[in-house]
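What follows draws every value from the coordinates through simple rules; no lab data is involved. Small disclaimer: the values here were computed from a predicted structure and weren't measured. Every residue, glycine among them, receives a Cβ derived from its backbone with ideal geometry; neighbour counts consider all protein chains shown.
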Amino acid sequence: MHGRVKLKSTAQQEEEKKKEREKKLKIYVATRDACFSKRKESICDDEALQLTQQLLSSNPDFATLWNYRREILMHLETVKDEDEIQKVYISELSFLESCLKVNPKSYGSWHHRGWVSARLPRPDWARELSLCDRCLSLDDRNFHCWDYRRMVVKMSGVPVDQELAFTDRLIGSNFSNYSSWHYRSTLLPLLHPESPEPPSPCREPPHSSLPPSPQTHSHRVCEEQLLKEYELVQNAFFTDPNDQSAWFYYRWLLGRAEREEMISCVYVSREEERVAVAFSRPVNAQSVGLLLVLDGQPQRVEWTSVHPRFKHSPVWICALPPGTISDITNEHNLTVHWTEKHTHRDCALYTGRSESWCRDSATDQELFRSELSVEKTSVLQSELQSCNQLQELEPLNKWCLLTIILLMRALDPLGYEKETLAHFQTLKEVDSMRCAYYSDLCSKFMIENTILKMEYAEVRVFSISDKNLTTLCHLDQLLLVTHINLSSNQLQRLPPQFAMLQCLEVLEADNNSIESLEGVYHLPKLEEVLLKNNKISTLADLQPLASCPRLKRLDLRGNPVTQTANIESELAELLPSVTDLLL
Amino acid sequence: MLGLDSFNIDSVVIHTISIFFSGVCLQSPCSLLFEPVTLQPCLPSEFDVVILGTGLAESVVAAAFSRVGQRVLHVDRRSYYAANWASFTFNGLLTWIQQHHEESQPEEAQDWSSLLEEGEELIYLSNSKSESDSISNVQVFSFTSEEEEEEEAPSPDPPSIAEEQTGGAEEDAVKENSETESADSKEDDTKEKSEATADGDDEEQASQTEGEEPEADQPTTSAAQSQSEPIKKKISYPQLLKEGRRFNIDLVSKLMYSRGSLVDLLIKSNVSRYAEFKNVTRILTYRHGKVQQVPCSRADVFASRQLSVVEKRKLMRFLTSCMEETEEQQAYNGRPYLEFLCDQQLGDNLQDFLLHSIAMVTEDTPTEEGLTSTRHFLRCLGRYGNTPFLFPVYGLGEIPQCFCRMCAVFGGIYCLRHSVNCLVMDKETNRCKAVIDSRGQRISCSHFVVEEGYVGADRKQMATPTRSLSRAVLITDGSILPSDSDQQVSMVTVPPIAAGCPAVKMVELCSSTMTCMPGTYLVHLTCQSVGSAYEDLSPVVTRMFHTPESHDQENCPSVLWCLYFNMADGSGLEAEGHNLPSNVYMCSGPDGGLGHEHAIKQAESIFQKILPEEDFCPPAPNPEDIIYDGDNTSSAMGGEEEEKEETEDKQEKEEKEDKQEEKEETEDKQEEEEKDGAGEMEKEEEQTLQTEE
């Protein structure tokens, strides 16, 4: 049609663009080569500075060139006076700004900026701060910028409350931002530290012999501020319950008590002439300076973990020199020192006793409350209420369900057991991708509850049958258990940690899907193993049992391995101590 | 922005455009009131499309035709662009008001039949204002002091007197004081009127009829003001006049839905590069006598202090769930939206928010309609900011001018103060063959597009009863909801304040939108007329602002000046059934909707009727992709088209100049649209970075 503006055809445009690109590439390659050859000859002149600038301004992610540039700048520092250096670095900063415009998430540029800012003779931190704020207003999740900003704040000593107000602003404009929530979590303990006086006992501890609960942690926040934070974060998750950043912050708020590091249990057995020690966390006993004193005499002993797989383990054992405690008419006093932590635990082996132990009633509530704790029950209770309210509105929200479970655990793990199980069931349905995770978590909680029940009953029998367990945990708490019943669960293996059950005599694990017995390893007192209806398929799977010297009774009915030819004779060879074999 | 009065003929076009594009006056349409240039009647005698009226729809049509190579003549009888869509400076608006008070001179009927050929007849268009005037009931009130501003802080005496007003003696003193003041002001008044502008007699009459005691009014106001805010310096009327250029007061009050058809068109056609936009920063509503912020985005809901967490959840859930059509919703088809909202277990305040501020419908609007507008609102959220709306910097009057500019860049010819007197119709084909312009030139055209105001009532089909809009424009001294920032752009929905009253849409603009002077706010109120604009809107104004008629409103912003008028509702024009030749198309004036959908739809449908095969406003090409005649590459054109090449040459020069100017003036204004709202900030950043460097 007439009158129209004539346009170049796309082919023409392409051609022109191609030519342009080729020209650019040529220049780029030539400059790059020039730079490299200069660096080889370690020339640090202004020309090199200029060449690198040319390249970096089009490609700010060229790390080698940044390094070269730093070499040049460091060289310049040696030949120029302070004012000149200041000028050089100032122009470096403005050059960096142009690089950041090319790529606001360039590692190289941000790192270099940090380097320059730190070396600048007279830094202008206020300007740097406003640069960060501008970048974050464009992209509030630019973590490079967050990083740099933290450095700037640190160097310039921005007041903490000002920074907190900054996070307020960012969260206000978009609360789906881990960086701001996280930053907040680092600021709050500085601004509103938890009051230093020991918290009053908020719950009646079941055992009065408890040491004061381990709550002296610098990263806690005072309660008044906590309540405000709860309100803020609740606004976030009520507004968008599917946004995980708020939920994670909430979990942080609800507290994560760190348990005191200590020796939680010392067990001594006269017969085996050995000592087992349990710690509150996995340690490497060979390197933490563990000292065993027997009747005032330090002993040279070798500590071994319960399973060769573990370099770190919460349970360590050592054999005493033969004959030291074997006489049943003697009384012995044993002390284990954990020199690194300035803590120790005594244990007396009285006359006529074949074994002895000393420990806290380890199953006090703190033990498993580490996920969420510390807060006063009333606060947790009201948090649970508001979560329940949200759950009513959003019955299928997984974050809400999970948080309710955690709150219930913190409040009354046994009392809420039924609800907890129901919520887990819903969780598995609404978030089927994480079904196995929930099953494992549920198993963990069930085991915790069973340990609590066992402790209240003051028995050494651990029975948790028919609870859909998929995994075993907290086995370090079962050091003293003599009888364990894991029947009718969904266990697939007895993991190496199982070897922590040093006192175990009877293992019942019928009706599971156990394939591996890896953890039934060097259990000195184990006599009976009941594995009816499991999935043990080869003789090799039974190999670990050979390390248990007292094994007498073994039930393998309903396992594939029973179909193996010559099974009886093979077993007799493998496990000569077994006298009562059921196939 | 288009400071140009008119550019009429070929030779002049390039010249004037170059002046225009070299950026003489990009700020505001302040020079709309140039003295008329002596025009030479030598327009080309043939066009593809002649367009009469520069309203939004006409301007879009003009740009669309010009862009695809049609020869466009675009004329307007007025001295300014954009007809009823125009923006005025304060002084410009006063002139406009005056014009609407004047008696219209009877049109001298001229006989153009000498220009007719065999088988043709004339259709006269209406060019007299009174006949076609879509504006009525214009009323103006000024509550400012007429005194010159004092440079120093107000003297301590008058406020202290005012504070002790309870005592009888003092009261007298005040009265005395006020009387002298009013006398002074009256003097000033008359001077002002004769000198400057438009405060015609009508205005005084109006204020006298409305206010009980007009003389006492002003001083009382000022006393009350000084009582409430003794420190704040009040803005006087002479100041308004002096700073009048800073105002860009729109005749229509609309907002651009960020996913509405206007924004889409601006982006698609690259016309967006001719303007800048600001986000509306908050949505407010008026409930229980209080102005409240409506939480509509996720961030708003999160930050809202008026909602409980449970309400937050309910609101968010409703907002997410209503985006999808469900059977549950369909069950409510035909039943009121309010009923649907009720049944969603949303509390009273949430229902109000959703009905009045988000869906912006009335209580008896059917559910399906309510949901559609709710969805539209929500879809527009978050594209450029936390509200669904954009507002063009320098006012809405910019938008039609941007399209005119696009048309001019592609060769359209513009004449203001130039009209078409009559159409030449071929009796046999019932088609318009040519038009006769106001200078008696016969110009042939294949199509004619006309603003409805030019068409006599006997020839057009209007919806009955006639619809009209009530408008009020206020200049106030403060925001109706003060916040940390004094630069908020607020959309305010005011539900009917009593049964039978209309729902009012209100837009409060701050000075950074370049529509009012610093220290003031420009407030637009719009509703469907029930009575006159004053009857419809003054109750709302009285309740929400401090005026002499209001009581106990000391904490509200004071109205400095206000204007009421009624405007015909453009949506009253029927699409079909007009008594016009088949190739004549009518565009309506502004409608009452908040967005621009009506006008854009109208423009697109006209374009498609005429050129069904063509793309509507395709993107303007990049300057570097245009083949200029100087280029060796352009050999495609044959020699037979010399004449046309010449015109093209001109167009291209324009284009070049256009681009150049753009580089100089607006460098990075471009593509602001595409950058998802960050555009503005980014630009700011770049500028600051540059200055820092």
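Some observations on this one:
- Dipole of the range A:459-582, positive direction: furthest Cα of A:Tyr521, A:Ser465, A:Gln477, with charges on the beta-carbon: A:Gln477
- Here the calculated FRET efficiency for A:Arg553 and A:Asn468, from their Cβ-Cβ distance with R0 = 30 Å, stands at 0.65, rounded to the nearest 0.05.
- Helix axis angle, A:244-254 relative to chain A longest principal axis, alpha carbon, degrees: 50
- Rounded to the nearest 20 debye, the dipole size of the range B:234-354 about its Cα centre is 900 debye, using +1 on the Cβ of Lys and Arg and -1 on the Cβ of Asp and Glu.
- Violating pairs (Cα-Cα greater than 21 angstrom) within the set A:Lys8/B:Lys609; A:Lys467/A:Lys532; A:Lys398/B:Lys314: A:Lys8/B:Lys609
- Dmax and Rg, reported as Rg then Dmax, of the range B:276-391 (C-alpha, Å): 13.8, 44
- Residue-averaged 222 nm ellipticity for chain A, from DSSP H runs of 4+ at -39500 (n - 2.57), nearest 500: -14500 deg cm²/dmol
- For A:235-246, mean number of other protein chain Cβ atoms within 10 Å: 5
- Taking every residue in B:304-311 and counting other chain Cβ atoms within 10 Å of its Cβ, the average works out to 3.
- Cβ-based charge dipole, chain A, positive-most Cα from A:Ala540, A:Asn566, A:Asn142: A:Asn142
- Taking the C-alpha atoms only, the angle from helix A:10-40 to the longest principal axis of chain A is near 70 degrees.
- With respect to chain A, whose longest principal axis is taken over its alpha-carbon atoms, helix A:377-393 is tilted by about 70°.
- Greater than 31 Å apart at Cα, pairs in A:Lys428/A:Lys552; B:Lys254/B:Lys460; A:Lys228/B:Lys505: A:Lys428/A:Lys552; A:Lys228/B:Lys505
- Peptides B:524-537, B:468-481 ranked from most to least packed by the mean count of surrounding Cβ atoms within 10 Å: B:468-481, B:524-537.
- Looking at the range A:388-528, the pairs of alpha carbons with a distance over 26 Å make up 29% of the total.
- Model label sites at A:Ala30 and A:Asp580, defined 7 Å from Cα along the beta-carbon direction, differ in position by 9.3 nm.
- Chain lengthening between A:Ser432 and A:Glu570 when straightened (0.36 nm per residue, less Cα-Cα): 45.3 nm
- Other protein chain C-beta atoms within 10 Å of residue C-beta, averaged over B:618-627: 3.
- The modelled label-to-label distance between A:Gln563 and B:Gln487, using points 7 Å beyond Cα along the C-beta direction, is 8.0 nm.
- Full extension of the segment from B:Ser444 to B:Thr372, taken as 0.36 nm per residue of separation minus the current Cα-Cα distance, would add 21.5 nm.
- Remark: the Cα gyration tensor places the range A:459-582 in the oblate category, a/c being 1.5 or greater and a/b not exceeding b/c.
- Rounded Å value of the spacing that divides the Cα centres of the range A:127-189 and the range B:581-611: 50
- From the alpha carbon centroid of the range B:425-468 to that of the range A:48-67 is 66 Å.
- Both the radius of gyration and Dmax for the range A:20-157 are 15.5, 49 Å, in that order, over alpha-carbon atoms.
- Protection proxy ranking of A:12-25, A:285-298 - average other beta-carbon atoms within 10 Å, highest first: A:285-298, A:12-25
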